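Before any comments, here is the structure.
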Amino acid sequence: KRTVVQQAGLLYAWCSTYPTSTSVTYSSEDFLYTLIEMATTSFEVGINTLTDVTAISQIALDVRDMAINLKAGDLLAAQRVYTQGANSALYDIYGQETLDKLTLKSMGQAGGSEWIDDPSFTFQMLGLQSVQDSADEAISKHANYADYYISTLLDDQTTAQNAAAAQAATILTVHMNAMHKLWDGFIDCTMVQKGYNPDEDQTGKINPKRKYDEFIALYVGAEQSLGPSWEGYLLYALTQSASKKFGTVDDNGEALVNKDIRGLYEWVQRIMSEEDYCKRDESISELWTINNRIIAKMNLSMMQMLIDYMHDENEFYLVPIYARAIIPQLSQCRTSIQRKLKSYLLDKEYEREDFSRIMPLLQQSYDCLGFTCEQIGAYYDKVAECADYTVNHPMAGFVPKADVQTISKVDLDMHAIRQLLKFPTEADNIIPQMYYKHGRAAVIDDNKYGYDVMSLQEMARSSIVEQWSPYYSDYVSYHGREFYADSVIMNEFKMNVETDTQQDALLLSWMQFGVVSEYMMGLLGSADQSCEDANDDDPTKYWDSFAATYIGSLEGISIGGSDQTIDGFMLWNVANRRAVSFDTQNDDYYAEINDEMLELLFAGQAQLLKNDCPNFEKTVSRALHLMIVPLIQSVIWYAIKNEGLDASSNDDGLVIGEVAAKSVLPIVEKFDPTAARIIERNMVRSEDNFVPVVDGPQEVANAFYFVLDEIGWGCDYVGHTEGVDACQFDALMMPRENGGSIKQGDAIILALLANTMVWGFSALL
């Protein structure tokens, strides 16, 4: 009963004894790899792989043997299976079986710095680490989290709970390794696109077909049977058990998750069967989508099982296993919720009285992880199915009339990018780059083969911005090219400076201040134009999309947004953070700017309902220019922080301040070129003897005074901080007949005289 690999190895040995004909253009080794590539593995559940992955699938039998030995009380035998392996053979490059076995322990120790291109592993490290830990410290402490936990169970010979070790091997070790195979396959595919030829690699190190097949082998496992028993030992069997408890099976009794994963894997096979597989951009995009969808399905099952064991008081001892599998993955979601759940489920022993506090937090996380309340289902008659998002789901107190929940979730991609950049890689930061180029969270269409996601790059290059942003031509004129923000971001990704935090700051700042802000301007222009044209293009969807993009999904539903500024990423969050520093909070402790924006958003809805386009146009203009105020505050804030820094400093503030400045300079240039030069001289780095904030932060603040007047929002909305006052000119202003103020040149002279008097007085003191 030799395996196909063994037979191929014997055939190689036989072939190598014969002289090679001059007409043969490939070696015996090439012939061997062709045979191995042609060999496949069949699973009873209706899956046939493209390569032979029988050996790795037999790790399931190690889990089975561990469980049998633990049930019989033979702890030593279970430990031997775990540490030494029993069923999963390892082969050399010639197909010969080695003396070693693949072991669950080695799989549990596989994670490390070489896995940091794997976002699932990175999120796991981020979710397990303490707040103060660096990336290196997180990997050092937690890379072997699965092996450490399982070994602890197996070493404790006094506990009755060590029987859970076999299940923990599936949940913690096999689960993470299966996800890693998906990401390994994806990374291999990007290497193929760059020109690498896996057919010429006799080591098999880069082989996307095989990596995806190894994923399905670890998911299904050897000896997985069909219904009605669905008996098995790995993730497929576990998912069957979970789905039965939550009523999420099809008419044949198969878990909907398993059915979906099988379909997604078949989609991978179609891509891998193409003549030029992995060469097309479409293939990379599709595989990115497939990976994220499969992982969402896998996490869904983990969530179901966590809920099951939290509710069943006889099996509370299993809660830590499932909590370790799913709670760390929430590090890509709302930070405050992930930290609360970590405190309930990982930092201390689970307590049944916390169930009612934990469940709402888990349910708020479903959408971020990529599944719905309906897909989770109801847990028997004990935990009802929660309610999914509706069209008018509130965002920080604003209630949209159009379905814009999807677009609000682009902040999740920005948050994921920020998290992943904490773990620098050697591969062009390929995963953060994929989040930017293809997106994950903002799913527009989830049909099986028509999956469409809004991405940050799509926003950056949107025709909405090009056609309808009132300031589009000003941005092109100032930056000297179209889609400037996207160009900067993609160039930075290609530079691949591994540990440069300034590069990370630049990438995130351009997404936050550049890409999203310009896209919002386009949405506002589109809303105004649609109202004027009175065509079938509903202006409400653009207006509410602007609101969704300004607020984001991470703020929650409460008026004012999240009470934790660690949660948000959009301009709503920027305004709230700056309000604390600039003393511009309202009585409810969120930004006056956001309070004003909420009023404008509701006013715009009412005007559209009455088709009052003249007044709606005014509201659009007010909202357009109000959203610029947090950007102006950010420029002033970093002018304060950057004063005194050397031009060669590695401080992130130099980069963030420059990007914030460049995000508003096209508008400043339009209204006040003199002010633009002042801001450039102080905030925009150059090679011409640049000195950060050479004129002082107050001069930067003063430069915005007349621009604020032109755009219709006074300096009071900017506020004051650390001795810098955006309204310093107010005391110098002389009223004009039209309610404006004196000319900038005169005001600058007066301001300089005033500052000279202050400096002189200080010198006398």
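The values are calculated or read from the model by the stated rules, or taken from the named source; none is laboratory data. Here the structure is a predicted model, which means the values were calculated and not measured. No Cβ is skipped: glycine too gets one built from the backbone with ideal geometry, and neighbour counts run over all protein chains shown. Accessible surface is based on the protein model in full, side chains and every heavy atom, while ligands, DNA and RNA are left aside. Shrake-Rupley method; radii C 1.70, N 1.55, O 1.52, S 1.80 Å.
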task = State which residue pairs qualify: first residue touching a residue at least 60 places away in the same chain (Cβ under 8 Å) and inside the range 366-385, second residue of a type in the set (Lys, Arg) and in a helix (DSSP H, G or I) in any location, beta carbons under 9 Å apart, and separation of 6 or more residues or different chains.
result = 370/293; 370/297; 371/297; 375/297; 377/245; 379/245; 380/245
note = All conditions in (1) out of contact with any Gly (no Cβ under 7 Å at 6 or more places or on another chain); (2) under 29 Å from residue 403 (Cα atoms); (3) outside any loop (DSSP other than H, G, I, E, B) are true of residue 536 except (3)
note = residue 50 vs (1) open to solvent by less than 30 Å² (accessible area, probe 1.4 Å); (2) among the hydrophobic types (A, V, I, L, M, F, W, C); (3) part of a loop (DSSP other than H, G, I, E, B): all pass except (1)
query = Does residue 552 satisfy the condition of being under 24 Å from residue 509 (Cβ atoms), touching a residue at least 60 places away in the same chain (Cβ under 8 Å) and in contact with a strand residue (DSSP E or B) (Cβ under 8 Å, 6 or more places away or on another chain)?
reply = yes
query = Looking only at residues in the range 676-733 that are of a type in the set (Lys, Arg) and either closer than 13 Å to residue 637 by Cβ or touching an Asp or Glu at 6+ places or on another chain (Cβ under 8 Å) (or both), which one is surrounded by the most Cβ atoms within 10 Å (Cβ to Cβ)?
reply = 681
Per-region count, the range 253-288, residues open to solvent by 20 Å² or more (accessible area, probe 1.4 Å) and either at pLDDT 95 or above or in a helix (DSSP H, G or I) (or both) = 13
request  = State whether the residues of the range 628-645 include one that is in a loop (DSSP other than H, G, I, E, B), surrounded by fewer than 24 Cβ atoms within 10 Å (Cβ to Cβ), modelled with pLDDT of 95 or more and under 29 Å from the mean Cα position of the chain (by Cα).
outcome  = yes
request  = Would you point out which residue out of 544, 536, 504 is modelled with pLDDT under 95 and surrounded by 22 or more Cβ atoms within 10 Å (Cβ to Cβ)?
outcome  = 504
message = Please verify whether residue 398 is open to solvent by less than 20 Å² (accessible area, probe 1.4 Å), more than 25 Å from residue 261 (Cα to Cα), at pLDDT 95 or above and of a type in the set (Phe, Trp, Tyr), treating the condition exactly as stated.
response = yes
key: Filter result (farther than 20 Å from residue 682 by Cβ and under 36 Å from the mean Cα position of the chain (by Cα)) within the range 698-715   = 711, 713
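Here's the yes/no breakdown for (1) in contact (Cβ under 8 Å) with a residue 40 or more places away in the chain; (2) at positive phi:
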position	(1), (2)
251	no, no
256	yes, no
262	yes, no
273	yes, no
278	yes, yes
289	yes, no
302	yes, no
306	yes, no
312	no, no
query = Within the set of pairs 6 or more residues apart or between chains, which connect a residue that is crowded, with 24+ Cβ neighbours inside 10 Å and among the small types (Gly, Ala, Ser) inside the range 206-219 to a residue that is in a helix (DSSP H, G or I) and modelled with pLDDT of 95 or more with Cβ atoms less than 9 Å apart?
reply = 217/54; 217/55; 217/56; 217/57; 217/59; 217/60; 217/178; 217/181
query = Which of the residues that make up the range 646-675 are of a type in the set (D, E, K, R) and either open to solvent by less than 40 Å² (accessible area, probe 1.4 Å) or part of a helix (DSSP H, G or I) (or both)?
reply = 652, 658, 662, 669, 670, 672
message = For the range 103-146, give me the residue count where each residue is open to solvent by 10 Å² or more (accessible area, probe 1.4 Å) and part of a helix (DSSP H, G or I).
response = 16
query = Hey, does the range 548-557 have a residue that's assigned to a helix (DSSP H, G or I) and closer than 19 Å to residue 471 by Cβ?
reply = yes
message = Can you find a residue that is at positive phi, at pLDDT 90 or above and either open to solvent by less than 40 Å² (accessible area, probe 1.4 Å) or acidic (Asp, Glu) (or both) anywhere in the range 406-414?
response = no
Counted residues, the range 60-75 - those being over 22 Å from residue 269 (Cβ atoms) and open to solvent by less than 50 Å² (accessible area, probe 1.4 Å) = 9
request  = Would you be able to say whether some residue in the range 607-626 is open to solvent by 40 Å² or more (accessible area, probe 1.4 Å), in a helix (DSSP H, G or I) and among the aliphatic types (A, V, I, L, M)?
outcome  = yes
Residues satisfying the stated conditions in the range 583-606, i.e. open to solvent by less than 20 Å² (accessible area, probe 1.4 Å), in contact with a strand residue (DSSP E or B) (Cβ under 7 Å, 6 or more places away or on another chain) and assigned to a loop (DSSP other than H, G, I, E, B) = 584
ask   = Has the range 435-450 got any residue that is open to solvent by less than 20 Å² (accessible area, probe 1.4 Å), among the β-branched types (Val, Ile, Thr) and modelled with pLDDT under 95?
value = no
query = How about the range 308-361: which of its residues are aromatic (Phe, Trp, Tyr) and over 17 Å from residue 379 (Cβ atoms)?
reply = 317, 344
